[in-house]
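Student: If you scroll down you'll find the structure; I have some questions about it.
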Amino acid sequence: MAPLSRSLSSLVKHTGCLWRVGNFRSSQQGLPNHPFRSGWMKKNFRAVSCVGAGVQPLLQQPGAKNGAASVRSSSSEGQDATERLWSLYKETKRQTEVICTSSVDPDTIFANNEMSLRDIEIYGFDYDYTLAFYSSHLHTLIFNIARDILINNHRYPEGLRKYEYIPDFAVRGLHYDVQKALLMKIDAFHYIQLGTVYRGLHPVPDEEVIAMYEGSHVPLEIMSDFYGKSTHGHTMKQFMDIFSLPEMTLLSCVNDFFMRHNIDYEPVHLYKDVKLLSLC
């Protein structure tokens, strides 16, 4: 066992080496992880290893080989852990696919154990893609059914059957002036975006829009409530739901038909008829 006591001259000699190593380590802390740093470190470690003082170069000390072996061992363990995680993921995925394709006991899928699907005759789906996913054909189906109900049940003109759903006509967030039968875009500050106002299927000139509204700003008192609920005499209805696209298109098509054939009608009643269909 090495003695704990050393001569004063020996301690002074090694103190200088330790001071230089300390300065070197301090300068290393600010360097980025880069291949250049590795070579620079090897060179300078040898420079401060104090060979003349009887101390071995740091990179040649016995512990250096053990450190390299430790790094290789850690890398191997990390690779093994990654392989185990991938194996676990693939096995879990396989078991999930087996469960999905096999028969499931109905008693295990109900949150309410007192409900039995044997007593349910009609299933309804929420309109926000929570219980079912809908194809692009659904909007066409909604439009066609609503159009036919207007004709068959509300005695609207038979000529409306010539109108088909237009997928790229309307977008979510548009406002509809119930009294003027105008579809438009209004920004967050209640300003009408000129060039976006439509009567039927045709745009309305900006000059006419400014004349009708005495400018482009819409007063707050005629705007619809939150999420487009038009109550308390509000005349601006906002269409927020993705399923409102067929409703907007149907309103525009009926307005277009009436204007083309010079049929006198009340826009408020038209809106109420179409709105009633959207609630069915």
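Each reported figure results from applying straightforward, stated rules to the coordinates on display, with no laboratory input. The structure displayed is predicted, hence computed values, not measured ones. Neighbour counts run over all protein chains shown; Cβ positions are idealised from the backbone, glycine included.
Student: If the reach is capped at under 18 angstrom between alpha carbons, list the aspartates and glutamates near Lys162, excluding any in the same chain fewer than eight residues apart.
Tutor: Cross-link targets: Asp148, Glu247, Asp256.
Student: Roughly how many nanometres apart are two label points built 7 Å out from the Cα toward the Cβ at Ile263 and Glu214?
Tutor: Each label point is offset 7 Å from its Cα along the Cβ direction, giving 3.4 nm.
Student: I've got another one for you. Do any chymotrypsin sites (Phe, Trp or Tyr not before Pro) in the stretch 147-181 lie in a DSSP loop with no more than 15 other beta carbon atoms within 10 Å, and if so, which?
Tutor: Those that pass, being in a loop and sparsely packed, are Phe169.
Student: Can you compute the FRET efficiency between Gln79 and Arg172 using 1/(1 + (r/R0)^6), with r the Cβ-Cβ distance and R0 = 51 Å? Round to the nearest 0.05.
Tutor: Between Gln79 and Arg172 the formula returns 0.55.
Student: Between Ile145 and Met240, what is the label-point separation in nm under the 7 Å Cα-to-beta-carbon projection?
Tutor: 2.4 nm
Student: About its Cα centre, how strong a charge dipole does the stretch 137-279 have in debye, to the nearest 20, once Lys and Arg get +1 and Asp and Glu get -1 at the Cβ?
Tutor: Charge dipole, the stretch 137-279, about its Cα centre: 400 debye, nearest 20.
Student: How do Ile151, Ile120 rank when sorted from fewest to most other Cβ atoms within 10 Å of their own Cβ?
Tutor: The most exposed by this proxy come first: Ile120, Ile151.
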